[in-house]
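The values are calculated or read from the model by the stated rules, or taken from the named source; none is laboratory data. Being a predicted model, the structure only gives us computed values, none of them experimental. Here Cβ is always computed from backbone atoms with ideal geometry, including for glycine, and neighbour counts include all displayed protein chains. Only protein heavy atoms, including side chains, enter the accessible area calculation; ligands, DNA and RNA are left aside. Shrake-Rupley method; radii C 1.70, N 1.55, O 1.52, S 1.80 Å.
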Amino acid sequence: MQVKEALEKFGRTPDKLIGAMLAYQKTTPCNYLTQEDIREFAKETGLPESRVHSVASFYSLLSTKPRGKYIIQVCHDVPCYVNNSTNVVIELEQRLKTKMGQTTDDGLFSLEYSSCLGCCDKAPAMQIGDNLYGNLTAEKISSVLAEHRRKSHE
Amino acid sequence: MNMVNAKINNRAVSVPEGTSILHAAKDTGITIPNLCYHPDQEIKANCRVCVVEVDGCKTLQAACATSVREGMVIRTNTQKVRQARKVVVELLLANHDMNCTACKKNNHCGLQEIAANLGVRESRFENILVHREIDTSSPSIERNQNKCIKCGRCIQMCAKVQGLAILDYIGRSGDVEVKPAFGWYLGDVACVACGQCSVVCPVAAITEKEDIERVWEAINDPDKTVVVQTAPAVRVSIGEEFGLDPGAIVTGKLVASLRALGFDKVFDTDFTADLTIIEEGHELLERINHGGVLPMLTSCSPGWINFIEQYYPELLAHLSSCKSPQQMFGALAKGYYAEKIGKKPEDIFSVSIMPCTAKKFEAVRDEMSIDGKNPDVDVVLTTRELGKMLRQAGVDFNQLDEEDYDAPFGLSTGAAVIFGATGGVMEAALRTVYEVVTGKTLESLDFKAVRGLEGIKEAAVDLNGTIVKVAVAHSLSNARKVMELIKSGKAEYAFIEIMCCPGGCIGGGGQPFGGTDELRLKRMDAIYRADGALPIRKSHENPAIKKLYDEFLIKPLGEKSHHLLHTKYKNRKK
Amino acid sequence: MNKNACVRKLLTKRFGEINPGSIDDYISRGGYDSLRKALAMSGGDIINEIKNSGLKGRGGAAFPTGLKMQAVKEAGGSPKYIICNADEGEPGNFKDRYLMENDPHQLIEGIIICAYATGIKHGYIFIRGEYARAAAMVEKALEQARIRGFLGDNILDAGFDFDIDVYTGAGSYVCGEEFALLVTIEGKSGRATYKPPFPTTCGLYNKPTQINNVETFCNIPHIIEMGGAEFSKIGTDSSKGTKLVCLSGNVVRPGLYEVVFGTSIKDIIYGLGGGIPNNREIKMIQLGGASGPVIPSDMSDLPLDYASMRENDLNFGSGAIIVMDERINVLDILKRIIGFFHHESCGKCTPCREGLAQTLILLDRFIEGVAVEKDLALLGILIETMSEASICGLGQAAPTAIKKVLQYFPEEFQSRIHATDSAAV
Ligand SMILES: Cc1cc2nc3c(=O)[nH]c(=O)nc-3n(C[C@H](O)[C@H](O)[C@H](O)COP(=O)(O)O)c2cc1C
Ligand code: SF4
Ligand code: SF4
Ligand code: SF4
Ligand code: SF4
Ligand code: FES
């Protein structure tokens, strides 16, 4: 998708900016907005670059740094924390050989902490894209990762 | 007007509905500390040093943001209030470089003053400042984020008054920073160097680029003849640096103080302001008579020049080719004056005292050098820097006896003085153009329609039966409106004056800190008083100007003028 | 106890029994009947019913919904807007997600009734960006409702035009705060502004705006159906109706439960939630979510009731109950909570932006055992300043848990004060 297309779809008024940026970001290979993207959003909406960058830097679902194809967001708030979300983090870091806040060498996965995902009844939980995974165990994590690896080859 | 009654610290007050607690308290003699509040800006209420107790409210209330309501009981000096204010200041200091003695704003800083008043001697919190590089990329202003308290005043100024929005909050929570998009250097973005952000910054996070040392060096250099020019607006504002009332006219003391600093010759930019009127007036008539591009736009405000070059380059043909008075002066200092006193241009060191930060940028433009090597104006100092320099030298400004400018660039007119206020260039031009064209003497020299703080002003004059419409705009958000009008073909004006800064140069980005509309009006009033008090009030009647043409320039728009006093502006779109 | 005594299914009665993707299922279970009934009433009468019902907002602040609607109705200016706050970011809460995913039409019906009553033509449902599934369900339901004439022009031939847009957030908890939510919909960074004026008179694009929580709106069809007076018979004197409770943490059966106001916390944890795994002891319980108070287990007899809570200087916010058993480290938990707020603070005001960073530093001193006596005093005045002087509810409520730990578990801090240093200062 092009920045222009996203704005065609959502509309060019300032209130459509966030939605358009989210939709556009989803279609980028590295899940983020480049400086050029932000400048183009600014140009196309007539908003100042500083304002568009301000918005892009404010929301945690928007990123201005390159990320992996799949972003694994691990909830680390109290309900998950008391249900051993720390183990989920360790498990993910070991399996993916990377650290929280970083991206795997193959560019497939990024690990991020997330604020509460609203899945506290199935703690510990994580989200990848639009999919929510709860009651995480080592086995479940492993199968979720395998599923996404498979998907990436399709 | 509806009045509401309330109690502040047990004293009854009655104020018009809608009055903030901050103002109501002030009326009863209580100053509530504030940092993000600015009288000309929207309420931001983010610094939280102005909190007060209001009976019936669960939390403390921001005095700047809360209107007095009927029956309100307000306490501004309780233990709770004092503690909260103190903690807020300590929190700010704990993310700050706390280096007051070596700070550019030492003794002129809102945070420092409030900390001192509240008795904060240290911050009990751990200092968490992550040092950031100081942005020195702009020739005009410097951004030191290590001092920023994130009050947002600069953001509002740049976005609302100048309409540019170069700065914004980037990031969130503890990561929030106030900076240009992508953290780019100011020198790399379409900042016009107006320095308005620095005028409203309560701390030393945005300041003018300081060039004082280079001036001292030149003064100490026995081989240099150091000449200085003073802009019209400086004489009504420099007094503020020394505790005088805003609007005090201190021209004579200003001259004396510069001599005291060791400048060899003290000249007046007003002289070249008169010259500008002659050149620009003839250019206007030339355009009117020979089908040139109209409306013609003034070119004496370098912030405005930066704006049109970067944002409306397609309209550059409308711009007068005249250099600004500062640069005309620089060219004459090195081209005419050097010759006159038998020196080489490079032996002249030319300094200007300006109310403006954009002038620093203008002075280093490649075009502004008559020999292509040395700048015509070597250093531009702002009003604030002159204040500092005088303090460095221990000059007791208020004690000085008044002195006169040096010849040959010392004599000027009321028309030149009013260059300092929005509408002044227009009024000065009208005084001259009218008399040159009609051959009649103006009955009243005051063109009141173009005076005052209204954003866009209009007037019309009858030049031998032709009605010429003119307009005046100040601040770039207004300039933008005028540009759009021109682009849409709806601007039926022959001549438009545009000043980058609100109020014109008296509200320039290099003027004493803390500029407000109230202050601008006082300075403006002083400008017109100074004009009224001068014996000659029309540029074309300045005998020194006449002499300059006779001796050297020969005629307006002539070959020498073309070489020294005019220039070309260019597309610098980013 | 009788496990079912406290349960009354109102908002969740169709959960699992209908296909949430089918408007016919909803209609077959009485859905949109309340809307028909409402359209035959005057707006003022509807608001009166809601006032009589005693319904208070379920988003946390418990403001009487009827009064809010009246304020919007009476406010000058047009157009007016209605916004459903489905930003649900408070850790420990998931009720709004369940409501949207399991019975989206109930919510939509509630919003339409309110809009009709207050004379509003345009509505938004602001759904947090992380709730993609819920957003999809709601979008689908809206489309179905449009086709059936429950939305759009001349709804059910009653001469009333109204439609709803879905607006998804982009990851920011503070956007659930009313003012931050409004600026987000306007396309800006979600920073809170000062108040008043309140959104009821000066909301979206400075127009009168009704903002309510998902659960609040979901109550509306039931109030219209049974009448305000009948509704007000459910619950206690101060608290009418049912409450959705999000039970999480160290419990056997975490999940969403709908209980009648007045049910005790203990009954919820042990009766509905099945108690603590392996029969461990409770160390502390957090009410409402990260911004709520923590209490020790011996206070769990307290009923879910606004008045009782207020008497004890407590509140249950939007209804989360987070149970923490004896194994937890209290200061660790506090650090998680403050860490959450520090991540989510908008960064606008000094007490919250700088205060949260300093709170984390002070907590670390206690956790590492290097704190001295004066650190405790400093922490005390810091959190007081944050709750007193921050602009919005985020900064004001962020230190609640610390405050309550200092009140109910002072030893957790005291025992971590470095003995020698404290003697020295
Ligand atoms: C930081 C913060 C976050 C909030 N988040 C939400 C939220 O996610 N959902 C919600 O309904 N209310 C939230 N609120 C409360 C809203 O500001 C507002 O009071 C509520 O939406 C009003 O609806 P109600 O009257 O139906 O409760 C939040 C408040 C604060 C201070
Ligand atoms: S900005 Fe103010 S408080 Fe900060 S170091 Fe400079 S003078 Fe001191
Ligand atoms: S100098 Fe002028 S244009 Fe540049 S950031 Fe400051 S206010 Fe904006
Ligand atoms: S740079 Fe100055 S005016 Fe701008 S936010 Fe920082 S402290 Fe405030
Ligand atoms: S309290 Fe926190 S979230 Fe609210 S306005 Fe202040 S900084 Fe932003
Ligand atoms: S002056 Fe009131 S909050 Fe800053």
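Data overview
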read-out: Residue among C:M41, C:M386, C:M137 with the largest mean-square fluctuation in a Gaussian network model of chain C, springs linking Cα atoms under 10 Å; value: C:M41
read-out: Solvent-accessible area of A:T64 with every protein chain in place, 1.4 Å probe, in Å² to the nearest 10; value: 60
read-out: Kirkwood Rh in Å, taken over chain C so that all alpha-carbon pairs contribute; value: 22.4
read-out: Prolate/oblate/rounded label for chain A (Cα gyration tensor, a/c 1.5); value: prolate
read-out: Loop sites in segment B:47-97: GluC sites (Glu not before Pro), DSSP, at most 11 other Cβ within 10 Å; value: B:E70
read-out: Descending semi-axes in whole angstrom, ellipsoid equivalent of the protein assembly as shown, from the Cα gyration tensor; value: 62, 33, 28
read-out: GNM top mover of C:F316, C:F231, C:F366 - chain C, alpha-carbon springs below 10 Å; value: C:F366
read-out: Whole-number D in µm²/s for segment B:3-77 (Stokes-Einstein; Kirkwood sum over Cα pairs; 4 °C, 1.567 mPa s); value: 107
read-out: Size of chain B as Cα extents on the principal axes (Å, biggest first); value: 76, 57, 48
read-out: Inter-chain shielding of C:248-255 (mean C-beta neighbours from other protein chains, 10 Å cut-off); value: 5
read-out: Along each principal axis, Cα extent of segment A:3-58, largest first, Å; value: 26, 22, 17
read-out: For segment C:242-325, the fraction of alpha-carbon pairs in successive 10 Å shells from zero, as %; value: 20, 61, 19, 0
read-out: In sequence order, calculated HN-Hα J values of segment B:251-259 (Karplus, 6.51, -1.76, 1.60; Hz; x Gly/Pro); value: 3, x, 5, 4, 4, 4, 5, 5, 5
read-out: Rounded if a/c under 1.5, otherwise prolate or oblate - segment C:169-303, Cα gyration tensor axes; value: oblate
read-out: Whole-Å distance, taken between Cα centres, linking segment C:141-195 and segment B:18-41; value: 37
read-out: Computed P(r) (all Cα pairs; segment C:277-425; 10 Å bins; percent); value: 11, 40, 35, 13, 1
read-out: Coarse-grained scattering of segment C:1-140 at q = 0.09, 0.11, 0.20 Å⁻¹, given as base-10 log I(q)/I(0) from a Debye sum over alpha-carbon atoms; value: -0.30, -0.46, -1.43
read-out: From phi via Karplus (6.51, -1.76, 1.60), per-residue ³J(HN,Hα) for segment C:200-217 in Hz, x at Gly/Pro; value: 4, 10, 9, x, 4, 6, 6, 9, x, 9, 9, 10, 9, 6, 3, 5, 4, 4
read-out: Pair B:E402, C:A158: separation of 7 Å Cα→Cβ label points (nm); value: 8.0
read-out: Chain B, relative contact order [Cα under 8 Å, separation at least 6], %; value: 16
read-out: Descending Cα extents along the principal axes, segment A:76-154, whole Å; value: 34, 22, 21
read-out: Förster radius 25 Å - calculated FRET efficiency between B:I43 and B:K7, Cβ distance, rounded to 0.05; value: 0.65
read-out: Per-residue [θ]222 nm for chain B (sum of -39500 (n - 2.57) over DSSP H runs n ≥ 4, rounded to 500); value: -9000 deg cm²/dmol
read-out: Residue-wise HN-Hα coupling along segment C:300-306, computed from phi with Karplus coefficients 6.51, -1.76, 1.60 (Hz; x: Gly, Pro); value: 6, 6, 4, x, 6, 7, 4
read-out: Cα gyration tensor shape for segment B:362-419, rounded if a/c is under 1.5, else prolate or oblate; value: oblate
read-out: Point-to-point label distance, C:E373-B:N99, nm (Cα→Cβ direction, 7 Å offset); value: 3.7
read-out: Modelled FRET efficiency - R0 35 Å, A:K140 with A:Q2, Cβ distances, 0.05 increments; value: 0.40
read-out: Separation in nanometres of the label points that stand 7 Å from Cα toward Cβ, at B:A393 and C:D364; value: 5.0
read-out: Segment A:75-93 versus segment B:259-306: alpha-carbon centroid distance in Å; value: 69
read-out: Spatial separation of Cα centroids for segment C:318-375 and segment B:131-192, in angstrom; value: 31
read-out: Peptide-level mean, for C:162-173, of C-beta atoms on other protein chains within 10 Å; value: 4
read-out: Shielding score for B:122-131, defined as the mean number of other chain Cβ atoms within 10 Å; value: 3
read-out: Residue-averaged 222 nm ellipticity for chain C, from DSSP H runs of 4+ at -39500 (n - 2.57), nearest 500; value: -12500 deg cm²/dmol
read-out: Rounded FRET efficiency, nearest 0.05, which uses the C-beta distance separating B:E484 from C:Q407 and R0 of 60 Å; value: 0.45
